[in-house]
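Notes follow once the structure below has been shown.
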Ligand code: G
Ligand code: G
Ligand code: MN
Ligand code: NA
């Protein structure tokens, strides 16, 4: 079993790395953003996926230093890609509710780090889930607002799977909705899912929110979403999550 001390050791010994999954502009097919997805190369267990250690990191509070590392690493990487390929490239980073609820999270340190890299905070998107909005308190709301006021963008992840009402769309000014892949995977054979995706896209656009469809695995799904006016796509149809070096190659080819 994975123990807390393995996690702590992993952090000390830099056993974590970020993979990146392209997010493409639906109309052009170009890779304009990417989502950072953490991996852990544990010396004994080998590659461990986030589903198997993020919960432990959250319970133990280690998600705070781990999240800080993720954010720093992503900020450095997006700086490099913006310099070499496209000045508008953006990285999307998952942020755990536990991180934002922690009193140890220091937003001004995050912002200082961004400033030192000389990129605008809008080069980064924070992905939060509806779970965040359920568990949030005044302090965590203020942290989100502080980061947003500085320019960091906000995406609502796994959209449609949570329990909260649409009121969070009013509470924060959300920049992107990510349609959960459970609404995308049957698009080619389920007209209700088509209607749901269309409705989400129309609603989002009326609220000045852009839409990312997750889990796009076939051309047919892509075509339906494009037709519905979806802005961005993410999924195996375009590209699986890859290493930084592999994404660099992809960006080079698209240049
Ligand atoms: O990468 P994978 O393909 O296994 O991701 C599974 C889930 O793990 C994602 O849906 C996401 O919620 C979570 N996850 C991945 N990377 C990160 C990360 O950097 N931070 C946090 N908090 N969660 C992550
Ligand atoms: O943060 P979030 O929960 O949305 O994380 C995205 C997860 O979805 C990652 O675990 C990633 O590996 C996975 N994923 C990305 N593209 C696809 C896809 O096309 N199909 C499926 N089934 N999973 C995907
Ligand atoms: Mn995500
Ligand atoms: Na998601």
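Just so it is clear, none of the values below were taken in a lab; they were calculated from the coordinates. Because the structure is predicted, anything quoted here is derived from the model rather than measured. Using ideal geometry, Cβ is built from the backbone for each residue, glycine included, and neighbour counts are taken over all protein chains shown.
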field: Burial order of peptide ranges 81-88, 234-241 (average beta-carbon count within 10 Å, highest first)
entry: 234-241, 81-88
- prompt: Please state the equivalent ellipsoid semi-axes for the chain: what are the square roots of 5 times the Cα gyration tensor eigenvalues, largest first, in whole Å?
  reply: 28, 22, 19
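Indicate, rounded to the nearest 5 percent, the antiparallel portion of the DSSP beta bridges found entirely in region 42-158.
Numbers: 1 of 10 bridges.
Here the share of antiparallel DSSP bridges comes out near 10 percent.
Report, to one decimal in Å, the Kirkwood hydrodynamic radius for region 123-192 based on all distinct Cα pairs. Walk me through the intermediate numbers first.
Numbers: mean 1/r = 0.0762 Å⁻¹.
13.1 Å is the Kirkwood radius here.
Could you work out [θ]222 nm for the chain from helices alone, using -39500 (n - 2.57) per DSSP H run of at least four and dividing by all its residues? Round to the nearest 500 deg cm²/dmol. Could you put the intermediate results ahead of the total?
Numbers: 11 runs with 113 residues, N = 255.
Result for the chain, helices only: -13000 deg cm²/dmol.
Got a sec? How would 173, 102 order by Cβ neighbour count within 10 Å, fewest to most?
Details: 173 13, 102 18.
Least to most surrounded, the residues fall as 173, 102.
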statement: Quick shape check on region 161-234: root eigenvalues a ≥ b ≥ c of the Cα gyration tensor, a/c under 1.5 is rounded, otherwise prolate if a/b tops b/c, else oblate, and it reads prolate
- line: Site residue 27, offset 7 angstrom along Cα→Cβ, radius 15 Å on amide nitrogen, limited to region 98-139, gives none
query: Arranged by the count of other C-beta atoms within 10 angstrom, fewest first, what order do 203, 3, 126, 132 take?
result: 3, 203, 126, 132
task: Quick one: grab the alpha carbon gyration tensor of region 116-255, order the square roots of its eigenvalues as a ≥ b ≥ c, and give me rounded if a/c is under 1.5, else prolate or oblate depending on whether a/b is larger than b/c.
output: oblate
message: Using only the alpha-carbon atoms, how far is helix 244-254 inclined from the longest principal axis of the chain? Give it as 0 to 90 degrees, nearest 10.
response: 30 degrees
Between helix 107-117 and the chain: long-axis angle, C-alpha atoms, 0 to 90°, nearest 10: 80 degrees
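Calculate how many DSSP beta bridges within the chain are antiparallel, expressed in % of all such bridges and rounded to the nearest 5.
Details: 15 of 37 bridges.
Bridges in the chain that DSSP calls antiparallel: roughly 40 percent.
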- request: Using DSSP, restrict attention to beta bridges with both residues in region 130-255 and report what percent are antiparallel, rounded to the nearest 5.
  value: 0 percent
query: So, in nm, how far is label residue 115 from label residue 210 when the simple model puts each one 7 Å beyond its Cα toward the Cβ?
result: 2.6 nm
message: Using the basic label-point model (7 angstrom from Cα toward the beta carbon), what is the residue 11 to residue 41 distance in nanometres?
response: 2.1 nm
Region 42-117 shape via C-alpha gyration tensor axes, a/c threshold 1.5: oblate
